[in-house]
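Every number here is computed from the coordinates shown, using simple stated rules; none is lab data. Source: prediction; values computed, not measured. Counting neighbours? That spans all protein chains shown, and the Cβs are built from the backbone with ideal geometry, glycine included.
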C-alpha cells in the first residue's frame, strides 16, 4: 500500500509514518519544516523528505491514501492536488480507525491524565509481555515508537484527544474511534479557540460516550462531577465502571498504595496520578490482567515523558519539568508536588504558552491554581500573543486572574532566566510547568542548578 503524508513532521504524524513503514507500507511525505526528534527519527528510517516544502508532483493516482496532518492548511498545494485527483484523504484518527476496525478498541479520553493513563496501561501490558497495538502521546521507556500497528494483535489502545482531526475534518479525534472499551478521566474546559463555551466543550464528551459500540464498557472518574453527569446520563447501552481516589499514604517522600497485596511503594505521586492508577487498573482488568499482576507491574511505572519529570536532584533540591498548562493540570500538579514534599519550599513557574492560556477571556480559569506554591512565578511572551493573533494580555490581567498578591510576573525571557538562576534552591522543589520553553530556557543549564 502506498501512503503519502502531508505534514509528516508532526509528533503524531511521523510516528504513524514509521509504524506503517515497519508494517511494510510504501511511505512518502512532505513538510515545510521538520525539527528533532522527528527529523532524525524519519531520517533513520529513510523517510525524511529530500527537501522541505510542498510539492504537488508527489501526488498522483498511484497513491492508495493521503494522510493529512493538522499542521497543513486548507490551501495546501498537495492537498488541493489530491482533492482534484479524487484520492482518498484520511485524517490521522480516521486512518487509525481503518487500521483497527476489526480489533477491540480501547480509547482513553479526558481533559487531563489521558497520556499518563494510556502509558500506565501500556507499561503494565508490556511488563507482562502482552502484545497490543497502540497510539500514545508521549515517548515511553521500552517502546521504540509512539504508534504500533500490526495485523495480528487483538487489542489496540488509543489516546483519545478531543482536539480537531484535520484542517478539512473539524470533528474531535476521539469521535472517530468507536471504542469497545473507553475511559473518561475528567472534563475541564480547554481549547477555547475551537470550543468557545464550556457547554460546547462538554458536548464533545457526550458525543464520545454515545460513540461507544453497543454493549461497550465505560470506565469513568466518579469524583469529577462533569464526567459523572455525562456518563450516567447517557442513554447508550453501555456498562459503566466508576473509579475514585484509592487509599494511600505518604512516608519519607514516597507514596504507598493500600492494596489487598499490602502497602505498595510507587514511583509516581499526587492524587491525580493515584486516580489515574485506579482507572488504568479497571481498563487492564477488562483486557485480561488480574489485580495482583496489575499491582506488581505498576510499582515500576516512572511516569510518561514530560509529565512531572524529575530532571535533577541532590540531597536538598529537586527540579521537576511538567507539561502542565491548562488550569486543572496546573492546580493538580502544584498540589501534588507540595503534598509530596511538605518540608520543602515549592517554587512553581508557569509559562502561559497555549492559545487558551494567552486568551484574556480564559485567564480567570487560573484563579487559585498556584496557591499551594510557596513562591509562584508566571512567564509569558508578548511575541507568542502576536503570533497567535490575540489581543495583548497585560500583567495586571494576569495578576487579577490568578488572585495571588505575591505573584511574580515576567514578560522578558532574559530577565526571567536571570531571576531563576539567582534563586537559592536549598531545601526547595523547583517546578517548571509549560508546553513551551520559556522563550529559550536551556534545561541542561537548569539541571546544573542542583550543583551550585
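Annotations for the structure displayed:
- Dividing the helix sum by the residues of the chain, where each DSSP H run of 4 or more adds -39500 (n - 2.57), gives a mean residue ellipticity at 222 nm of -9000 deg cm²/dmol.
- The peptide list 305-315, 116-126, 439-449, 271-281, put in order of mean Cβ contacts within 10 Å with the highest first, becomes 116-126, 271-281, 305-315, 439-449.
- Fraction of C-alpha pairs exceeding 27 angstrom in segment 304-452: 15 percent, rounded to a whole number.
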